[in-house]
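Asker: Can you read through this structure? Questions will come right after.
The values are calculated or read from the model by the stated rules, or taken from the named source; none is laboratory data. Note that this is a predicted model, so its numbers are computed, not measured. Because the Cβ atoms are built from the backbone with ideal geometry, glycine has one as well, and the counts that use them run over all protein chains shown. Accessible surface is based on the protein model in full, side chains and every heavy atom, while ligands, DNA and RNA are left aside. Shrake-Rupley method; radii C 1.70, N 1.55, O 1.52, S 1.80 Å.
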Amino acid sequence: MPDSKTIYVLNGPNLNMLGLREPEIYGSDTLDDIAGMLDDRAQAIGVDIDMRQTNHEGLLVDWIQEANARNAHAILLNAGAFTHTSIAIHDAIKAVTVPVIEVHLSNPHRREPFRHTSFVGMAAKGTIAGFGAHGYVLALDAAAKL
Ligand code: DQA
């Protein structure tokens with residue numbers, strides 16, 4: 001598959017704990033379950049996905065730059081808590097031309113005030129939040145149509 005058909009799915013800190021982590025907020029699906037859902041949908045709509053997770057802020061910056069250098073079609077980004085703190089990730093999104101779609105399992109605007117600021121959302125093309133694991137599939141469909 002050419003890189004222009006590849007959609008990166010980048011996940012930040014603590015998302016490796018999905019399934020175990022506060023299931024009343026984030027649901028019982030694991031990140032592997034989400035990868036499975038995305039693989040099925042990617043096959044159906046004819047795109048390729050490259051899904052990764054890290055607990056390290058700088059690695060997310062590296063991967064955003066890499067996706068751009070590889071001429072990826074789009075990035076789905078759930079930056080976890082870095083969403084609310086990271087000017088470096090904000091700057092990385094603004095530095096590249098590859099479109100970034102912000103994804104959250106929960107709806108941060110219904111939660112604590114410190115989650116109401118999103119440095120990712122301020123730079124992203126759009127945001128899908130509050131639909132649990134299915135939000136990733138919604139974001140993939142949105143990305144494929146860009
Ligand atoms: C999250 C929301 C963030 O506020 C939180 O820090 C996360 C997960 C979500 O997917 O709902 O780690 O990005």
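Asker: May I ask you to verify whether residue 103 is touching a residue at least 12 places away in the same chain (Cβ under 8 Å), within 11 Å of the ligand (Cβ to nearest atom) and in a strand (DSSP E or B)? Show your work before the answer.
Answerer: Details: touching a residue at least 12 places away in the same chain (Cβ under 8 Å): yes; within 11 Å of the ligand (Cβ to nearest atom): yes; in a strand (DSSP E or B): yes.
So residue 103 fits the description; yes.
Asker: Note down all Cβ pairs under 8 Å where the first residue falls in region 125-144 and is open to solvent by 40 Å² or more (accessible area, probe 1.4 Å), the second is of a type in the set (Asp, Glu), and they're at least six residues apart or on different chains.
Answerer: The qualifying pairs are 127/102.
Asker: Would you check if there is a residue in region 43-54 being of a type outside the set (D, E, K, R), out of contact with any Lys or Arg (no Cβ under 9 Å at 6 or more places or on another chain) and within 13 Å of the ligand (Cβ to nearest atom)?
Answerer: yes
Asker: For residue 77, are the conditions met, namely being open to solvent by less than 60 Å² (accessible area, probe 1.4 Å) and either among the aliphatic types (A, V, I, L, M) or within 15 Å of the ligand (Cβ to nearest atom) (or both)? Even if it seems obvious, please write down each step before you answer.
Answerer: On the way: open to solvent by less than 60 Å² (accessible area, probe 1.4 Å): yes; either among the aliphatic types (A, V, I, L, M) or within 15 Å of the ligand (Cβ to nearest atom) (or both): yes.
Here the answer is yes, as residue 77 does meet what is asked.
Asker: If you don't mind, another one. Please tell me if residue 3 is within 15 Å of the chain's Cα centre (by Cα), charged (D, E, K, R) and more than 13 Å from the ligand (Cβ to nearest atom). Show your work before the answer.
Answerer: On the way: within 15 Å of the chain's Cα centre (by Cα): no; charged (D, E, K, R): yes; more than 13 Å from the ligand (Cβ to nearest atom): yes.
In short, no.
Asker: Would you confirm, using the coordinates I've provided, whether residue 18 is surrounded by 17 or more Cβ atoms within 10 Å (Cβ to Cβ), within 11 Å of the ligand (Cβ to nearest atom) and within 15 Å of residue 137 (Cα to Cα)?
Answerer: Numbers: surrounded by 17 or more Cβ atoms within 10 Å (Cβ to Cβ): yes; within 11 Å of the ligand (Cβ to nearest atom): yes; within 15 Å of residue 137 (Cα to Cα): no.
Criteria not met by residue 18.
Asker: Please work out which one of (1) open to solvent by 50 Å² or more (accessible area, probe 1.4 Å); (2) within 16 Å of the chain's Cα centre (by Cα) is the condition residue 67 fails and give its number.
Answerer: (1)
Asker: Kindly indicate whether residue 54 is out of contact with any His (no Cβ under 7 Å at 6 or more places or on another chain), open to solvent by less than 50 Å² (accessible area, probe 1.4 Å), among the polar types (S, T, N, Q) and modelled with pLDDT of 95 or more. Explain how you work it out, then say what you get.
Answerer: On the way: out of contact with any His (no Cβ under 7 Å at 6 or more places or on another chain): yes; open to solvent by less than 50 Å² (accessible area, probe 1.4 Å): yes; among the polar types (S, T, N, Q): yes; modelled with pLDDT of 95 or more: yes.
Yes: the conditions hold for residue 54.
Asker: Next question. How many residues are open to solvent by 50 Å² or more (accessible area, probe 1.4 Å), touching a His at 6+ places or on another chain (Cβ under 9 Å) and among the polar types (S, T, N, Q) when one looks only at region 86-123?
Answerer: 1
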